[in-house]
Amino acid sequence: MHAFSFLLLHTHLSTLAGIHKIYHTLHRLNLTEDVGHNGHSTGTDSASCCSRAMPPRKKRRPTAGDDLSAKKSRQDSVFRKHEAQQIREEETFSSKRCLEWFYEYAVRDDVVGPEGMEKFCEDIGVEPENVVMLVLAWKLDAQSMGYFTLQEWLKGMGSLQCDSTERLRNSLDYLRSVLNNTSNFKLIYRYAFDFAREKDQRSLDLNTAKCMLGLLLGKTWSLFPVFNQFLEQSKYKVINKDQWCNVLEFSRTINLELSNYDEDGAWPVLLDEFVEWYKEREMS
């Protein structure tokens, strides 16, 4: 029994000696910080050792396949956006519906004539003499007053995105607002001369000219009533395009007293005579 206890004691001492030897060996190698007091490495120190032993992982460089995949994804995205845009456009405007709408008023030769135009104006709630009809004709680039051709209709209504009576009604305020732009007004004013004249004539007959001037300048030019009176008592039977364009310039630049009117300027004789007539009228 004593012999067996002595054997266990000897084995235990041998184990302690082995641990002591290992500890001193690690101490000489400066690794004792990685070993706990119980001879086992700590969890944190083990992770630190591994981090020193293994280099940081490098980011994977994109390959040619990655570039192609990204490019295809972008192309698919662009295509989907384009497809969605086409769907939205089809929802807002239909050429077929616009064509059917045209033939509600056209009777023959693919033209909306005076009778169809009257019904058209009634449907959209606008008098034929309303200036908004002139703006609409300008938008359609109509060539003859009282007529809309199929080509003019489809192109003009397409630009307005109108394919029904309801949609045009909703666009009337926009058409009126176009006149508030100075550049657009000048374009419409010049357009009105060719639109209203007989196509075999180079000038506008006086009665038509007075109506168109009243439509365009009647509410904005204070001297229009007086100028209209002058035209009625004048010798003129027609108004040519130069006279027509200069009336607009006159209305925009000459004051109510006509004090800044230069008689030696490049004004047409028509306006020289109006100024002379007006001054004599004011003096009498």
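The values are calculated or read from the model by the stated rules, or taken from the named source; none is laboratory data. What you see is a predicted model, and the numbers here were worked out from it, not measured in a lab. No Cβ is skipped: glycine too gets one built from the backbone with ideal geometry, and neighbour counts run over all protein chains shown.
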Lone unmet requirement of (1) out of contact with any Leu (no Cβ under 9 Å at 6 or more places or on another chain); (2) farther than 25 Å from Thr182 by Cα; (3) assigned to a helix (DSSP H, G or I) for Glu263: (3)
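Quick grid of which residues meet (1) acidic (Asp, Glu); (2) over 14 Å from Asp242 (Cα atoms); (3) crowded, with 18+ Cβ neighbours inside 10 Å:
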| residue | (1), (2), (3) |
| --- | --- |
| Asn181 | no, yes, no |
| Leu187 | no, yes, no |
| Ala192 | no, no, yes |
| Ala196 | no, yes, yes |
| Lys199 | no, yes, no |
| Arg202 | no, no, no |
| Cys211 | no, yes, no |
| Ser222 | no, yes, no |
Given (1) at pLDDT below 95; (2) under 28 Å from Asn180 (Cβ atoms); (3) more than 44 Å from the chain's Cα centre (by Cα), where does Lys219 come up short, assuming only one miss? (3)
Is there a residue being in contact (Cβ under 8 Å) with a residue 12 or more places away in the chain, part of a helix (DSSP H, G or I), surrounded by fewer than 16 Cβ atoms within 10 Å (Cβ to Cβ) and outside the structural domain of Leu217 (by TED's automatic domain parsing) anywhere in the range 103-119? yes
What are the pairs, 6+ residues apart or on separate chains, where a residue within the range 183-203 that is in a loop (DSSP other than H, G, I, E, B) has its Cβ under 7 Å from a residue that is among the hydrophobic types (A, V, I, L, M, F, W, C) and at pLDDT 95 or above? Arg197/Leu204; Ser203/Val238; Ser203/Ile239
Could you check how many residues of the range 99-138 are in contact with a strand residue (DSSP E or B) (Cβ under 7 Å, 6 or more places away or on another chain) and among the β-branched types (Val, Ile, Thr)? 2
Looking only at the range 231-260, count how many residues are part of a loop (DSSP other than H, G, I, E, B) and over 42 Å from the mean Cα position of the chain (by Cα). 7
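Quick test for you: out of Lys241, Lys219, pick the one residue that is within 29 Å of Glu122 (Cβ to Cβ) and among the charged types (D, E, K, R).
One residue alone meets the criteria, Lys219.
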What is the number of the single condition among (1) loosely packed, with under 14 Cβ neighbours inside 10 Å; (2) at pLDDT below 95 that Gln143 does not meet? (2)
Taking the range 120-139 and keeping residues over 21 Å from Tyr189 (Cα atoms), out of contact with any Ser or Thr (no Cβ under 7 Å at 6 or more places or on another chain) and surrounded by 13 or more Cβ atoms within 10 Å (Cβ to Cβ) leaves Phe120, Cys121
Just to be sure I understand, how many residues within the range 139-170 are hydrophobic (A, V, I, L, M, F, W, C) and out of contact with any strand residue (DSSP E or B) (no Cβ under 8 Å at 6 or more places or on another chain)? 6
